[in-house]
Amino acid sequence: MQERIRRWLPGQRAAGQRGARSRRLPRRERERLHERAALIGVASVIAVVALLLGGGAVYQYWYLPRQVIVEVNGERVTRGDYWKMRKLELLNQISQYQQLANLTTGQQSTQYQQLADQARQQLETVEKDPINQPTVEQMVDDLIVVQRMGQLGVSIDPKELEEYTLSLFSSVPLLTPTPTLGVDPTAAAWATATAAVTPTPTPTPTPEPGVTPTPSPTPTPTPSVSPTATPTVPPEEARATATAVMAEYRDTVLDQAGLSFDDFKRFVVRPLLAREKVQRALEEQIPLRGEQVHARHILLTTREAAEQALADIQGGADFVTVARERSIDSDTAPNGGDLGWLPRGYMPPEFDDVAFSLSPGEVGGPVQTIYGWHVIQVLERDPDRPISLRMLETLRSRAFQRWLDEQRRTSTIEWHLGLTPVPTPATQPFVAPPDAPPTPTPTPTPTPAAGETPAATPTP
């Protein structure tokens, strides 16, 4: 009875019917069903593998190159851009090290060859290695220069960019030379007077008694050789040669780096030309003469030390003596901290604010700069003094970096992928101004002979 009831239950009836049907399937049909199931399984595996491979390719060749490394004032630098620039950087290193290895011998040649080999190994793993921070920092600087050059009235038109690009591959000048920057006539006269050093005559040795002096050999005249004039290359020939070299560079170096020629002009040539034009514009802004102070300073590491030095000087201590004994500026401490004549802009702004507010003889500070803590004394002032050629050259050479530092400070730079900007050191080593007095040579104290009484030193 129970067996009959179970047979009428829906689940049991369906199972019984399926069992009956399966028992009725022919053998060939069952084999065909098994083959179809196997094919479906194989196809599923292939589909999964293809999906995984396709996903990996999409990740490697589409997603990763588009990852943003840093944004500079809203303009992005992607990982793909970085890969190109890093490869170009390594290719240039390989070329330079290989040339040096070929030009040198022995251990030095071996070392250069090893550096070239290391760069080759890095070239093969650029896309897997950690991001090289200096390369990215350089790309950030290049972007800022191109973005901000308009503030100085600088621009680059397409034709100018093309001509400049071609000039990079020419061994002879293709562009019109830039006029030489001017100098103040008085400063030029100072430089000429300083350079005119009278040669010291060589003393003739006095022969000992009874010794015949050996005559000096007569120098053999060296035939003068006229310098070979550099052959003049026709402009058409020079441009044709530069074009051929440029094409070779594109087909070899740029192709290896994955850079198109448009990429090369965007990432390399335009920033290079922008830097030159910005540098020139900034150099032209440096005045040839202006207000200056003749100052000296005592440089110390802490505010407390600087305050103590100032208190001692205000209490009657000699500034020169305190500078010689305590200043950490090894260049000027022997001279009592004498910095020479300083125009505005050579020293940090914090230093200038104090120094140019003092009258001759006054002492000010302490004031903190990137070098430490300063106590300042002004010796002289001149409202319109020519800037010396050495100081002018220094101001011009430092103008671009100072401008770039200010542009970075005022730019919006957003770092991604865990990168952070390279920190600026809290303090930097101080370098004496080019016009600071030289370190005095100590005068030797004469040693009295045995039995002699040393003479008393006159009191000044």
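The values are calculated or read from the model by the stated rules, or taken from the named source; none is laboratory data. This is a predicted model, so every value here is computed, not measured. As a convention, Cβ positions derive from the backbone with ideal geometry for all residues, glycine included, and neighbour counts pool all protein chains shown. Heavy atoms of the whole protein, side chains included, go into the accessibility calculation; ligands, DNA and RNA do not. Shrake-Rupley method; radii C 1.70, N 1.55, O 1.52, S 1.80 Å.
Structure notes:
- Counting only protein heavy atoms and using a 1.4 Å probe, the accessible area of Ser397 comes to about 80 Å².
- When only the Cβ of Lys, Arg, Asp and Glu is charged (+1, +1, -1, -1), the dipole of segment 133-185 relative to its Cα centre reaches about 40 debye.
- The stretch between Ser109 and Glu276 holds 56.7 nm of extra length on full extension. This uses 0.36 nm per residue minus the Cα-Cα distance.
- Computed from the C-beta positions of Glu124 and His34 and an R0 of 41 Å, the FRET efficiency is 0.25 to the nearest 0.05.
- Which of Arg409, Arg275 is most accessible, then next, and so on - probe 1.4 Å: Arg409, Arg275
- Distance between the pseudo-spin-label points of Asp384 and Thr301 (7 Å out from Cα toward the beta carbon): 4.6 nm.
- Cα pair distances exceeding 15 angstrom across segment 338-383, given as percent: 37 percent
- For the pair Asp262 and Val320, the difference between a 0.36 nm per residue extended length and the Cα-Cα distance amounts to 14.8 nm.
- Furthest towards positive pole of dipole, Ala305, Ser330, Tyr249, structure part segment 243-337, Cβ charges: Tyr249
- Placing a label point 7 Å from the Cα of Ile413 along the Cα-to-Cβ line, the residues of segment 126-144 whose backbone N sits under 16 Å from it are 132-144.
- Across the accessible surface of segment 349-405, with the other protein chains kept in place and a 1.4 Å probe, carbon and sulfur atoms take up 48 percent.
- Modelled spin-label separation between Val245 and Thr176, with each label point placed 7 Å from Cα along the Cα-to-Cβ direction: 2.3 nm.
- Ranked by the mean number of other Cβ atoms within 10 Å of their residues, highest first, the peptides 120-129, 256-265 fall in the order 256-265, 120-129.
- Cβ-Cβ FRET estimate between Ile328 and Arg398, R0 fixed at 25 Å, reported to 0.05: 0.70
- Backbone N under 17 Å from the Asn73 label point (7 Å along Cα→Cβ), restricted to segment 399-435: 400-415
- Distance between segment 61-109 and segment 388-419 - C-alpha centres, whole angstrom: 23 Å
- Net dipole in debye of segment 281-422 [+1 Lys, Arg Cβ; -1 Asp, Glu Cβ; about Cα centre; nearest 20]: 280 debye
- The alpha carbon radius of gyration of segment 355-439, expressed as a multiple of 2.2 N^0.38 Å, is 1.48.
- Once the mean of 1/r is taken over each pair of separate Cα atoms and inverted, segment 270-335 shows a Kirkwood hydrodynamic radius of 15.1 Å.
- Ile156 versus Glu236: modelled label distance in nm, points set 7 Å from Cα along the beta carbon direction: 3.0 nm
- Projected-area average for segment 248-365 over all orientations - Cα convex hull basis, square nanometres: 12.2 nm²
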